[in-house]
Each structure stands twice: as C-alpha cells, then as structure tokens.
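The values are calculated or read from the model by the stated rules, or taken from the named source; none is laboratory data. Quick caveat: nothing in here was measured; it's all calculated off a predicted structure. Ideal geometry is used to build each Cβ from the backbone, glycine not excepted, and the neighbour counts take in all protein chains shown. Side chains are part of the model used for accessible areas, which takes the heavy atoms of the whole protein and leaves out ligands, DNA and RNA. Shrake-Rupley method; radii C 1.70, N 1.55, O 1.52, S 1.80 Å.
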Amino acid sequence: ATLDRRVQQVTQQLEVKLLAQARLETLRYQLNPHFLFNAMNSIEALSREDPAQIPEVVRRLCECLRYALHPKKGGLATLQQELDAVVSYLGVEKVRFEEQLAVEMDVTDDARGQVVPEFLLQPLVENAVKYGMRTSDMPLRVQIRAGCANDRLQVEVRNTGGWSRVSDTV
C-alpha cells in the first residue's frame, strides 16, 4: 500500500510538471518570437518611411499580446474573440507585406458566438501567411470562412499557396 501511494504521488508530481511544461510551450507559441521580431522590424522601418502608421501597428501588436497573455476561462473563447485576435495579427502582418497580402473573411453571425479552444484559429492563419508567402503568386490571398451546419461549427482557412514538402521549407 505504501509503495502504491508513493507511485501515485510521483505520478501526480510528474503530471504537474508536464502540465507546467505544456503551459510554458503554449505561451512560447502564443508569443511567437518570429512574429514579434518581424513586427518590431516593421515598426523600425515605419519610423523612417511612414511614422504616422506606428501608433496603429503598436496598438494591434498590443492587442495580440494582450490576447496571448490573458487566458480565457477554461481555455475557451468565442470564435469572435479568436477572430478579433486574428484581425490584430493580420493588421501587423499587413504593414509588413503591404499589397502582397489580401485577406477575406466570411463568417456567419451564428458562428461568431460559438465557443472554441483558444488559439484555435491563430496558428492556422499564421501558417497560411507564412507558407503561403513562400508558395503563392502575389498577392497572397488568405480566406477565413466559418459557419454552422448540422449543429456543428465549420471553420476553414485557405490561401492561394501550393503544397510544399517539408524538405522544401526547412
């Protein structure tokens, strides 16, 4: 019985440690350092080329960081909250890519109120931009669509890029 209790304690400690590591990795992903560096480089470039745009870019960047650093209740958010975070992200990327990035959103009102895991949409859109920029004719077009059918939320993120093998992108 004592051995079983000790095994259970060690297992619980390991689970707590793994959960903490998973949370840290999630935070790192949410604060995507490449995105932050690119955003800061864009702001630096704007300081020379178009300083009037800096407040808007900084505001959008702050919105991205605020969303990443303030977890939602139970790790869930409405699709509208996810869309708001994505719009902020895309606002920063639009400064970086200018006319080379075009975004289209078609989201029904009933889909906007649906509850989803937080950061469901962000990595999909980031990948659509990142890999689409490598494989698409310009401008890259990113489409975000969402609606409800048969009591299910359907979300689609597309880009005009092509498939590439992992070895092509490394």
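In the complete set of protein chains, residue-level accessible area for ASP84 is approximately 80 Å², probe 1.4 angstrom. Rounded to the nearest 10 square angstrom, ARG96 shows an accessible area of 90 square angstrom against a 1.4 Å probe.
Of THR11, THR135, THR78, the residue with the greatest mean-square motion in the GNM of the chain, using alpha carbon springs below 10 Å, is THR11.
Per residue, the convex hull spanned by the Cα atoms of the chain amounts to 179 cubic angstrom. Computed over the range 79-120, the range of Cα coordinates on each principal axis works out to 32, 19, 11 Å, biggest value leading.
Taking label points 7 Å from Cα along the Cα-to-Cβ direction, ASP137 and ASP109 give a separation of 3.8 nm.
Stretching the chain fully between LEU69 and ASN41 yields a gain of 7.9 nm (0.36 nm per residue, less the alpha carbon separation). Accessible surface of GLU63, taken over heavy atoms with a 1.4 Å probe and every protein chain present, rounds to 50 Å². Probe radius 1.4 Å, ligands and nucleic acids ignored: give me the carbon and sulfur share of the accessible area of the chain as a rounded percent. Result for the chain: 54 percent of the exposed heavy-atom area is carbon or sulfur.
Cα-based values for the range 70-158, radius of gyration first and Dmax second, are 13.5, 40 Å. Pairwise inverse Cα distances across the range 125-168, averaged and inverted, put the Kirkwood hydrodynamic radius at 11.5 Å.
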